[in-house]
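The values are calculated or read from the model by the stated rules, or taken from the named source; none is laboratory data. Remember, it's a predicted structure, so these values are computed and weren't measured experimentally. Every residue, glycine among them, receives a Cβ derived from its backbone with ideal geometry; neighbour counts consider all protein chains shown. To get the accessible areas, we keep the full protein, side chains included, count just its heavy atoms, and leave off ligands, DNA and RNA. Shrake-Rupley method; radii C 1.70, N 1.55, O 1.52, S 1.80 Å.
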Amino acid sequence: MIKYIVKILKSGWNYLWRQGFLSFATSLVIFIAVVLGTVLIIFHGGASFMTGIIKDKIDISVYFNEQVSMDKILEVRDQLLKEKKEVIAKVDFVSSEDAYSAFTKDHNNDTYTQSLDAIGSNPFLPSLVVQTKDPAQYKVVSDYFRQDQFSELVYDVNDYRRGFAIERLSSLATGINRMGLAVTIFLSLIALIITFNTLRLSIYSQKEEIEIMRLVGAKNSFVRWPFLIQGALCGFIASILAFIVFLVVLFIFRGSLEQLFMGFNPFNFFISNILIILIAQLFIGVGLGLISSYFAVRRYLKD
Amino acid sequence: MIEFEKVCKNYCTSQSKEPKAALKDASFKIKDGDFVILCGRSGAGKTTILKMISCEEKPTSGKVLFDKKDLGKVKKSDAYLIRHKIGFIFQDFKLLPYKTVFENIAYALETCDHDESKIKDEVDQVIELVGLEKKRNSFPNELSGGEQQRVSIARALIHRPEVILADEPTGNLDPYNTRDIIKILLKINEAGSTVILSTHDKEVVNALKKRVLTLQDGSIVRDEEEGVYFL
C-alpha cells in the first residue's frame, strides 16, 4: 500500500514538472480564484468593521431632570436592562459633570466654551446613553421612556432629533451588508466560471493520455490518482503564491489602503487572521485543483 | 481462446441518426499461439474487431469470448483485468508523452502491481532487446518513428501477454523498420503468444504466409490458412 502511494505521489510530481505549461496555466487560473476568495474574506472583514462603526454611532440619549439623583437614574437603568434585555446592547450613565467636561474638551476655547463660561453654571443634564442590538429598535427604547411612570423623571428623549439620522445610518449598515452579499455572489460566480474553464482545458489536453493508460491496463484508481495529486499540487503552489502576494501588496500599500477604507487596515486584518486566511487559501486552491482534476478524468473513467 | 459468434457492431455517427454497420455477422475462432492477419481496406472492420477483443467496444449483437469469458458483459471499470492479458501495438504508437522510454515500458508492469526492483530489471532487459539502451531516458518526442514503435512493442511485451493486438503497426514506417517490426512479431509468436495483426500492406501479408481473415464492408469474405492479399 505504501509503495502504491509513493508511486502515485511520484507520478503526480513528475506530471507537474513535465507538463510545465499546462501546470503553469492551471496554477495561474487557480491563483486567480484564490485571490478572489481572499479578497472576499478581506471585504467581509472591512464590511464588519464599517457596520460596527456605524452601529456604534447609533445611540439614544435619555435626559433626566436636574433634581433626579444618580442612584435613581442607575435604578432606572437597571430596570431598563431587566425589562428590555433582548433589545439593549449597552447603557452608559453620563453625569452632568461628565457631559460638561466632554463638551469643553470637544470645544476647546471656542465661542461655545466662552458662552458656557458666561452662563456661570453647568447647563447639562444627567443622561443615559442607550445602544440597541439592532439600530432599528431605537423606537422601543424611546417609547419605553415615554411611559407615564417616567414622566416625572425624564426631561427629554432625543430620538425626535436623531430619529432620521438613526434610520439613515441603519439603512446604510444594511446596505453595506447587502452589497457584501452581492459582491460575494458575483466573485463566487467568477471563481466558478474560471474553475469550469480549467476543467475543460484539463479534459481536452489529458483525454488521449487517459485512454492510453486504460488500454495499457491501468485500473481507474491508478489513472485517477496521479492527476488528482497533480491538481492538488497546482492548487498548493497557487495558494502559497497568493498568500505571499497578499502579504507583500497589503504591507506596501497599508497606509493608502487604510485611508481608502475609512480606518480599516487590510494589512492588520490579514496579520491578525493570518492562520485562518492561509487555511482558507489552501482550502480554496487545493480544493479547486482536486475538483477540477477529478472532473477532468471522471468523464473517461465512467462505465 | 478468442471466439466471435455472429457478431454485429453498429455505430451512430454525429452527422446521421441512421446506425452504420462496422461489422456484420462475423464468426471465427483464434486458437492459442495462432498468428492471424486481419486484412482489408480502411473502414472494413479490422480495428472494430481489435477494439472488441480489448473491451473498448461491445458488440451490438452476438458474442465475443476471451478464454470463454463473454466480453460484452465486462464492465468498463473491470476491463483492465482483460487488458493485463493483452499487449497493444498501434500505428500511431500511443506512447505517454510525459514519460520517458523506461517509464512508458514500466507503466505496463506497474498497472499489474509488480515489484519495483523486478520492474527495473525486466524493463532494462526489454530495452536492450529492442536496441534502445541509449534512449532509455528520452521522451517520445525525441525518438524517430521506428524507435517509438520499438518502445510500443517493448511495452506490449513486457508483461508477457497471452495475446498481442497489432493495429497497422507498420503504417507509419519505412520498409526497413517495417521488416524489423514484422520479425519481432514473428519472434513473439514463436515464443508462444497469439498475434493478431491488422494491416492493408500487401507485401507484409504475402510475405508472412499466415492465416488471413479478409474483411470487406464489415463482413469476413475469406478465411485462409497461409493466405494472401486478396482485394
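Here is a check on your reading of the model: is B:Asp167 open to solvent by less than 60 Å² (accessible area, probe 1.4 Å), touching a strand residue (DSSP E or B) at 6+ places or on another chain (Cβ under 8 Å) and among the charged types (D, E, K, R)?
So B:Asp167 passes the test.
Just to be sure before I move on: is B:Val195 in a helix (DSSP H, G or I) and crowded, with 20+ Cβ neighbours inside 10 Å in the structure I sent?
It is false that B:Val195 is in a helix (DSSP H, G or I) and crowded, with 20+ Cβ neighbours inside 10 Å.
State whether one or more residues within segment A:91-106 are open to solvent by 80 Å² or more (accessible area, probe 1.4 Å) and part of a loop (DSSP other than H, G, I, E, B).
For segment A:91-106, residues open to solvent by 80 Å² or more (accessible area, probe 1.4 Å) and part of a loop (DSSP other than H, G, I, E, B): absent.
Search segment A:208-225 for residues that are assigned by TED's automatic domain parsing to the domain that holds A:Tyr15 and pair each with any residue that is crowded, with 21+ Cβ neighbours inside 10 Å and among the acidic types (Asp, Glu) when their beta-carbon atoms are under 6 Å apart and the residues are at least 6 apart or on different chains.
none
I'd like the full set of residues that are surrounded by 16 or more Cβ atoms within 10 Å (Cβ to Cβ), at pLDDT below 70 and over 30 Å from A:Pro126 (Cβ atoms), limited to segment A:150-197.
A:Thr195
Which pairs do you get when a residue that is assigned to a loop (DSSP other than H, G, I, E, B), found in segment B:24-41, comes within reach of a residue that is open to solvent by less than 30 Å² (accessible area, probe 1.4 Å), reach meaning Cβ atoms under 7 angstrom, with the pair 6+ apart or on two chains?
Between residues of segment B:24-41 that are assigned to a loop (DSSP other than H, G, I, E, B) and residues that are open to solvent by less than 30 Å² (accessible area, probe 1.4 Å), the close pairs are B:Asp32/B:Thr194; B:Gly33/B:Thr194; B:Asp34/B:Thr194; B:Asp34/B:Arg211; B:Gly40/B:Lys46; B:Gly40/B:Thr214; B:Gly40/B:Leu215.
For segment A:249-301, which helices (runs of 4 or more DSSP H) that fit wholly inside it have 3 or more residues that are open to solvent by 40 Å² or more (accessible area, probe 1.4 Å) and in contact (Cβ under 8 Å) with a residue 40 or more places away in the chain?
Filter on segment A:249-301 gives A:274-301.
Test B:Thr47 against the stated conditions and say whether it is within 23 Å of B:Val205 (Cα to Cα), more than 8 Å from chain A (Cβ to nearest Cβ), open to solvent by 10 Å² or more (accessible area, probe 1.4 Å) and of a type in the set (Ser, Thr, Tyr).
yes
All but one of (1) free of Cβ contacts under 8 Å to residues at least 40 places away in the same chain; (2) closer than 22 Å to B:Leu81 by Cβ hold for B:Lys63; which doesn't?
It fails just one condition, (1).
Looking at (1) open to solvent by 50 Å² or more (accessible area, probe 1.4 Å); (2) modelled with pLDDT of 85 or more; (3) closer than 30 Å to B:Tyr107 by Cβ, which is the one condition that is false for A:Val39?
Unmet condition: (3).
Exactly one condition in (1) open to solvent by 70 Å² or more (accessible area, probe 1.4 Å); (2) more than 14 Å from chain B (Cβ to nearest Cβ); (3) within 30 Å of A:Ser205 (Cβ to Cβ); (4) of a type in the set (Phe, Trp, Tyr) is false for A:Phe49; which is it?
(3)
Can you tell me which residue in segment B:50-63 is farthest from B:Ser219 (Cα to Cα), limited to those that are more than 9 Å from chain A (Cβ to nearest Cβ) and out of contact with any Asp or Glu (no Cβ under 7 Å at 6 or more places or on another chain)?
Filtering first and then ranking leaves B:Cys55.
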